[in-house]
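Undergrad: Let me give you the structure first, and then I'll get to my questions.
Values in this text are rule-based calculations from the coordinates and carry no lab data. Small disclaimer: the values here were computed from a predicted structure and weren't measured. FYI the Cβ positions are ideal-geometry reconstructions off the backbone, even for glycines, and counts take in every protein chain you see.
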Amino acid sequence: MSGFLTRYGAAIAGLLVFAGFALASPVFLTAGNMAVVFKETAFLGILAIGFTLALTTAEIDLSVAEVASLAAVVTGALVHGGQAPWVAICAGLAVGTACGAANGIAVTVLRVPSLIATLGTAAIAKGLGFMLTQGVAFVGRWPSSFTGLARGSTMGLPNLVWWLGGVGLAAWVLVKWTRLGAHLVATGEADEAARLAGIRTLSMKRLALTLAGACAGLTAVLLASSLSSAAPGMANDHFLYAIAAVLLGMCMFEPGRPNIPGTIFAALTLKVLGNGLVLLGAEYYWQDIVLGAIILASVALSAAGMGRAPFVKKLNFRTGK
């Protein structure tokens, strides 16, 4: 029972939160409200999956939100300027991927710690976003071929849910069922042993950070498509939530280790929690208070599991002993 609760306790708590709001608010389970929850979860989930992939190799990407905002600005500028939607989509994805690759080069070639390298990238991305827009949002009636990426539904599910499912499935298969994924995990858990075993650990770190940037780029494209607008900092609200989703996800299914199913379930739990608090009339600041408490509790509850994971020592997730 102890092992079961360690592995699934946080997930069960998330289900209880869902059930509690369903009983407390008659609006919570309506189709319209559930659609809002799932759409918001999709943006957060895809961004957090990128963070999870970077963390799998024991690297932290603190630039994902600003990179997503920059990619959204580039995408929006091209669509607003009359370029073909596919050009704008490719540009947004390219910006995110290029920023991720730059982070990888800074970490593995220039030997800058990922915490510092990605903070620098975040500052550069923020500045470029404001430079491109001069602080003004791109808004307009954009082609349905672009807005349809995130709006509407397919087979009864919102398109954004399909995007999250596809990205999540691809990331999970990569990490759990491929040789490349095994190399990513080995790099994060014991990079020196992995290097001696013949794994190109620096290449694995570059790949993980590049994939994190690609996820940020995709999040940006979907955000711009859903809102028909693009502005600097538009993804910043998802930053702390993405960190919380990854940390809370490390309390689920594979305690102490970043994992894709845990991240997605945690993202859904966080959005359910935020939505439920709003429906119950809680003041906006309670979301920030609860979010901070979740981040602290996630690290504390999984401290034992984290102690068994060697890569966590590099991130200084330690108890106070």
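Undergrad: What whole-number value in cubic angstrom gives the convex hull volume per residue for the C-alpha atoms of segment 179-272? Write out the running numbers ahead of the final one.
TA: Details: hull volume 10.9 nm³, N = 94.
About 116 Å³ per residue, rounded to a whole number.
Undergrad: Now a separate question. If a helix is a whole DSSP H run, which ones in the chain reach 18 Å or further along their own axis (Cα) and hold a mean Kyte-Doolittle hydropathy of at least 1.6? Provide the component values of the computation, followed by the final result.
TA: Values: long enough: 2-24 (31 Å, 1.49); 31-56 (35 Å, 1.45); 64-80 (23 Å, 1.71); 85-108 (34 Å, 1.42); 114-133 (28 Å, 1.41); 159-177 (26 Å, 1.23); 201-227 (39 Å, 1.34); 260-279 (29 Å, 1.56); 285-301 (24 Å, 1.66).
Flagged H segments are 64-80, 285-301.
Undergrad: May I pose another question? Under a no-solvent Debye model with one identical scatterer per Cα of the chain, what's log10 I(q)/I(0) at q = 0.07 Å⁻¹?
TA: Results for the chain at q = 0.07 Å⁻¹ read -0.27.
Undergrad: So what's the gap between the Cα centers of segment 210-288 and segment 82-118, to the nearest angstrom?
TA: Spelled out, the Cα-based centre of one part sits 20 Å from the other.
Undergrad: Here's a follow-up. Mark the label point 7 Å from the Cα of I124 along Cα→Cβ and return the residues of segment 73-95 whose backbone N is within less than 16 Å of it.
TA: Under 16 Å, as judged by backbone N against the label point of I124, lie 94-95 of segment 73-95.
Undergrad: Scaled to the compact-protein estimate 2.2 N^0.38 Å, what is the alpha-carbon radius of gyration of segment 164-210, rounded to two decimal places?
TA: Details: Rg = 11.2 Å, N = 47, 2.2 N^0.38 = 9.5 Å.
Here the Cα radius of gyration is 1.18 times the empirical estimate.
Undergrad: I would also like to ask the following. Report the full-extension gain for the segment W86 to W286: residue separation times 0.36 nm, less the Cα-Cα distance, to one decimal in nm. Before the final figure, lay out the partial values.
TA: Values: separation 200, 0.36 × 200 = 72.00 nm, distance 4.03 nm.
So the extension gain works out to 68.0 nm.
Undergrad: Just the ratio, please: alpha-carbon radius of gyration of segment 221-270 over 2.2 N^0.38 Å, N its number of residues. Spell out each step's value before the answer.
TA: Details: Rg = 13.3 Å, N = 50, 2.2 N^0.38 = 9.7 Å.
Cα Rg divided by the expected 2.2 N^0.38 Å: 1.36.
Undergrad: Below 8 Å between Cα atoms, with a sequence gap of 6+, how large is the relative contact order for the chain in percent?
TA: Details: 552 pairs, mean separation 102.8, N = 321.
Once normalised by length, the contact order is 32 percent.
Undergrad: In the calculated pair distance distribution of segment 1-44, what percentage of Cα-Cα distances lie above 16 Å? Walk me through the intermediate numbers first.
TA: Details: 498 of 946 pairs.
The answer is 53 percent, as a whole percent.
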